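Notes follow the structure.
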Amino acid sequence: MMLPWMNNINDTLRRVFGLHEFRPHQQAIIEDLIDGRDSFVLMPTGGGKSLCYQLPALHRTGTALVVSPLISLMKDQVDALVDAGVRAAFYNSTMEAAEARQVLARMHANELDLLYVAPERLMNPDFIERFADIDVALIAVDEAHCVSQWGHDFRPHYAALGELRQHFPGVPLIALTATADPQTRQDILSILGLENAPQHVTGFDRPNIRYTVMEKHRPKQQLQRFLRNRSHEAGIIYALSRKRVEEIATSLQAQGIAAAAYHAGLGRNIRKDVQERFLRDDLSIVVATVAFGMGIDKPNVRFVVHYDLPKNIEGYYQETGRAGRDGLPAEALLLFGTQDIVKARLLLEHTANPDQRRIESHKLQAMIGFAESLTCRRRVLLGYFGAQLAQDCGNCDICLDPPERFDATIEAQKVLSCVYRVGQRFGIKHVVDILRGADNERMHRLGHKHLSTYGIGQDKSDAEWHSIVRQLIHHGYLDQDIANFSVLKLRPEARTLLKGDQRLQLARLRIKTLQKKKAPKPPADVEIVDVELFESLRVLRKKLADKQGVPPYVIFGDVSLVEMSRKRPASAEEFLDITGVGQVKLERHGEAFLKAIADHQESAAPPEGAD
């Protein structure tokens with residue numbers, strides 16, 4: 001729907017979405033799509049992926065198809081778009097027959113700018129036939145990692161999306177994901193036919209999230225301490241089993257915390273009620289299995305706790321990414337114990353497909369490496385996805401409570417030399433076995449007892465050598481080729497270390513009993529606000545949201561309220577300058593919020609005649 005004032009994408013950005021500037025890569029992606037070119041987009045959760053296809057849909061003729069596996073996300077995004085004045089709808093299995101027919105009628109009448117649909121619905125031959133006489137503006141494949149067997153959430157229905165090209169020739173296609181390691185990325189490009197499309201990779205860093213890993217010791221008490229003074233903040237606690245989810249939720253309720261359980265064993269209506277109460281700020285905490293939160297677009301989640309070890313780094317990254325989507329400070333706590341590893345490996349045994357089991361096993365090992373790391377958490381996390389951080393982040397437990405360090409130049413040279421001498425064809429365990437002089441059948445069979453590096457590391461324990469090797473991976477001296485049985489390979493940076501032209505300090509292995517020592521590091525652009533005004537605006541937002549039957553953030557996000565409480569706009573023009581305020585939102589909500597700000601100003605002003 002091209003409105004008269006939509007002369008360019010900057011007009012649309014400001015007047016529909018209430019934003020004043022594009023984030024990195026967004027403008028190039030949007031311009032490519034409008035001009036009919038494909039794109040592959042890798043952006044972190046909360047990085048602005050949705051805008052990359054929502055805005056072009058308003059500048060191209062026809063209806064944009066958005067493929068999403070997440071029914072909850074469809075509803076959330078459609079609610080937000082409709083509130084901004086965009087003609088959007090979803091078509092999925094939750095709809096009543098009459099409602100579904102109405103959506104299809106609007107689509108055939110060219111009355112939709114965007115239509116959200118699940119992959120199995122879209123690829124149904126009968127449904128595809130409907131588009132014979134409909135202009136398709138573009139196709140957006142969200143959560144694109146689901147097409148790949150290397151993706152942490154592979155779905156067979158998504159793999160069928162490779163046929164989209166033959167069904168919709170000439171229609172620009174954009175694939176978007178927040179979680180894709182190099183192997184998954186290549187798979188997506190190949191399956192969706194995007195090998196020649198521009199690749200926009202904005203990075204994985206979420207600097208507002210503080211990452212903390214604690215040795216699991218009396219986890220209920222650890223959780224209780226963490227939640228102290230957070231009772232009014234929104235958060236998600238993930239646990240592996242339904243039983244544990246129920247236990248934690250019951251315990252929190254007994255402490256007077258507004259918490260609820262969410263897992264697949266609960267009835268559909270109960271799950272829906274929990275989700276909606278959480279979105280509408282009637283619940284502070286949801287305790288859930290990993291199924292919860294897929295596609296939950298709630299920007300003011302302030303913390304995510306993993307009570308158990310996640311199965312892979314992609315899942316951990318995506319789940320922690322549900323915190324702090326608004327850019328304000330957030331925390332991610334992982335409780336990690338050796339028993340978690342045993343349980344995770346037992347679960348892997350139930351994977352019938354041997355190739356999938358091998359892939360999942362490698363991914364679990366990388367997750368364990370993250371949890372046991374003595375290197376800046378952010379370095380490890382970004383390194384897994386093929387990105388390097390120039391310096392330690394200063395906002396994780398390792399940076400805030402640094403371990404003892406030692407000159408590890410000689411130890412590093414021993415490891416790198418050993419990797420070289422075995423032809424860069426073996427994984428961590430075998431390299432460590434060689435260094436420690438293991439006397440086993442495999443060592444004899446391969447002839448590795450005769451290597452010059454055999455037994456030169458007997459002065460250190462198995463755990464110490466594993467820690468050193470992992471740190472060399474995290475610091476970028478070694479690659480762990482997960483697609484090739486996790487073998488270790490030398491990176492070019494290893495050469496100077498091997499030649500003795502560089503010294504290296506690493507962290508000494510320790511037992512982790514990390515405590516919270518410093519306040520979370522806030523984003524640099526967050527200023528102190530009028531807390532009283534912020535709270536009154538939150539109350540108003542909740543009242544309007546309840547009346548409209550939508551989550552509060554659909555009205556305005558916390559970032560908008562923070563800015564309102566700081567700038568205190570007094571006119572429609574000033575209100576339009578607030579982030580998240582577009583033309584339609586000004587018309588719908590401007591009067592109420594401007595009045596609330598004016599009333600607060602009046603009540604806070606000193607009496608007339610006062611000094």
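The values are calculated or read from the model by the stated rules, or taken from the named source; none is laboratory data. These figures come from a predicted structure and were not determined experimentally. All Cβ positions, even for glycine, are placed from backbone atoms using ideal geometry, and neighbour counts span all protein chains on display. For the accessible areas, the whole protein counts, side chains as well, though only heavy atoms, and no ligand, DNA or RNA atoms are used. Shrake-Rupley method; radii C 1.70, N 1.55, O 1.52, S 1.80 Å.
A few comments on the model shown:
- On the stretch given as region 198-211, residues that are surrounded by 19 or more Cβ atoms within 10 Å (Cβ to Cβ) and at positive phi total 0.
- Residue 324, sole failed condition from (1) closer than 25 Å to residue 477 by Cα; (2) open to solvent by less than 10 Å² (accessible area, probe 1.4 Å): (1)
- Count - residues of region 470-504 that are aliphatic (A, V, I, L, M) and not in a helix (DSSP H, G or I): 5
- Complete set of residues in region 485-497 that are open to solvent by less than 70 Å² (accessible area, probe 1.4 Å) and either within 15 Å of residue 384 (Cα to Cα) or touching a residue at least 60 places away in the same chain (Cβ under 8 Å) (or both): 486, 487, 488, 490, 491, 494, 497
- Of 570, 596, all but one fail to be open to solvent by less than 40 Å² (accessible area, probe 1.4 Å) and either touching a residue at least 60 places away in the same chain (Cβ under 8 Å) or assigned to a loop (DSSP other than H, G, I, E, B) (or both); the exception is 596.
- Qualifying residue in region 32-41 (condition: crowded, with 21+ Cβ neighbours inside 10 Å, modelled with pLDDT under 85 and of a type in the set (A, V, I, L, M, F, W, C)): no
- Enumerated helices (runs of 4 or more DSSP H) restricted to region 80-197, each holding at least 1 residues that are open to solvent by 10 Å² or more (accessible area, probe 1.4 Å) and in contact (Cβ under 8 Å) with a residue 60 or more places away in the chain: 156-159, 182-191
- Within region 73-100, being within 21 Å of residue 175 (Cβ to Cβ) and among the hydroxyl-bearing types (Ser, Thr, Tyr) holds for one residue alone: 91.
- Pick from region 231-254, criterion hydroxyl-bearing (Ser, Thr, Tyr) and part of a helix (DSSP H, G or I), ranking: least open to solvent (accessible area, probe 1.4 Å): 251
- All positions within region 30-66 that are in a helix (DSSP H, G or I) and touching a residue at least 60 places away in the same chain (Cβ under 8 Å): 32, 33, 52, 53, 54, 56, 57
- Any hit, region 452-463, residues being surrounded by 14 or more Cβ atoms within 10 Å (Cβ to Cβ) and outside any loop (DSSP other than H, G, I, E, B): yes
- All positions within region 4-27 that are part of a helix (DSSP H, G or I), open to solvent by 20 Å² or more (accessible area, probe 1.4 Å) and under 27 Å from residue 209 (Cα atoms): 27
- Which listed residue is closer than 19 Å to residue 141 by Cα and hydrophobic (A, V, I, L, M, F, W, C), from 84, 97, 88, 105: 88
- Matching residues in region 511-539 - criterion: being at pLDDT 65 or above and either open to solvent by less than 20 Å² (accessible area, probe 1.4 Å) or in contact with a His (Cβ under 9 Å, 6 or more places away or on another chain) (or both): 530, 532, 533, 536, 537
- Taken as a whole, region 218-226 holds no residue that is at pLDDT 90 or above, in a loop (DSSP other than H, G, I, E, B), open to solvent by 10 Å² or more (accessible area, probe 1.4 Å) and out of contact with any Cys (no Cβ under 6 Å at 6 or more places or on another chain).
- Some residue of region 558-568 being more than 24 Å from residue 82 (Cα to Cα) and among the aliphatic types (A, V, I, L, M): no
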